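Structure first, then comments.
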Amino acid sequence: MIIKRMDSKQDEMEALSSLLEEPINANQKFLIERELKAMKKGVHGEEDSAYYINFYYGDSKNWAIIHDLRIEHENQVAQIDHLLINRFFEIYVLESKNYSYGIKITPEGEFQAYYGKQTFGIPSPVEQNKRHIHLLDRFLKDNNLLPKRLGISIRPKYLNFILISPKSLITRPTANKFDTSTIIKADTLKTKIDNDINKFTPLSDLSAVGKISSAATIEEMSTRLVSFHRPLSIDYRAKFGLPAKSYSITQKNPTTVNDERNAFSTSKFFCCKCKKSISEKAAKFCWQNKTKFGGKAYCFDCQKEF
């Protein structure tokens, strides 16, 4: 079951594209074009991975799927590309990476990205995902989101996987030097999960069967988790050193001036409970979760009440 789909990046890409049409210097143009290219490449990689995840698990009641989750906790942030949660409360934390030419992993576990025939060092996506898991685990516990069995909170098992584009090259060291088994092509994810389930949770294991939660339980927990999603809002004008956008209002009469000012300051979306203006992303999130919000839009504060 799909609990949350990817947030659209269309508004951000349009905002960046519009900046390129303004009078900017060469350095600003380079930085904006690089940002836009990286965003498009990232979206493409996440969409590829989301396709395979949804294809195999989107209609299954035994799995909950969360795409593009951003949580904030104790002044730290985790931007998680994909979560797959099954009824054993095995939580697959999946990081999508779209390397145009591929990656190389050294025997010491260092990562390098190919650019043509050359390589350059990049941060380890495995370690990055470990930090996501660490924060997610604390977040679930501190917000009391984990269901209980016999009065004791279920202890989830986290699995760290890096999904690489099927078209990318992966150069690996020998297995006895550095374990790269969690770095896989996105289209092989189901095979990897099937092998892990057969290996660690065989159906003949009665103790494992006794730990199975209901589909409703994982759906409820996942839906509650998604309610804490906080999309990132970036002021690209400030980021690239451009002056704030100003609007010129010709004073005709007091009523006209106020109306025009309101046209720029008032959102066309609002919370149906507190009537506060909300972003288009917040409204779309509610509409994508009609079962939870009844097809109505709510601000982040009012969403928590559900």
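The numbers here are math on the coordinates, done by the rules we state, and not lab data. These numbers were taken from a predicted model, which means no experiment stands behind them. Every residue, glycine as well, gets a Cβ built from its backbone with ideal geometry; the counts of neighbours run over all protein chains shown.
Annotations for the structure displayed:
- Within-14-Å neighbourhood charge of Leu94 [Cβ basis; K, R +1; D, E -1]: -3
- If you model the chain as an ellipsoid using its alpha carbon gyration tensor, with each semi-axis the square root of five times an eigenvalue, the axes come out at 38, 29, 15 Å, biggest first.
- Semi-axes of the equivalent ellipsoid for region 1-90, computed as √(5λ) from the eigenvalues of its C-alpha gyration tensor and ordered from largest down, come to 34, 15, 9 Å.
- Of the residues Glu33, Glu90, Glu46, the one with the fewest other Cβ atoms within 10 Å heads the list, and the complete ranking is Glu33, Glu90, Glu46.
- Derived scalar couplings between HN and Hα for region 235-242 equal 8, 5, 4, 5, 4, 9, x, 9 Hz in order, rounded to whole Hz, by the Karplus curve 6.51 cos²θ - 1.76 cosθ + 1.60 (θ = phi - 60°), x for Gly and Pro.
- Cβ crowding within 10 Å ranks Tyr115, Tyr158, Tyr57 as Tyr115, Tyr158, Tyr57, fewest other Cβ atoms first.
- Exposure proxy ranking, count of Cβ atoms within 10 Å, fewest first, for Cys272, Cys299, Cys286: Cys272, Cys299, Cys286
- Highest GNM mean-square fluctuation among Val77, Val126, Val226, for the chain modelled with Cα contacts below 10 Å: Val77.
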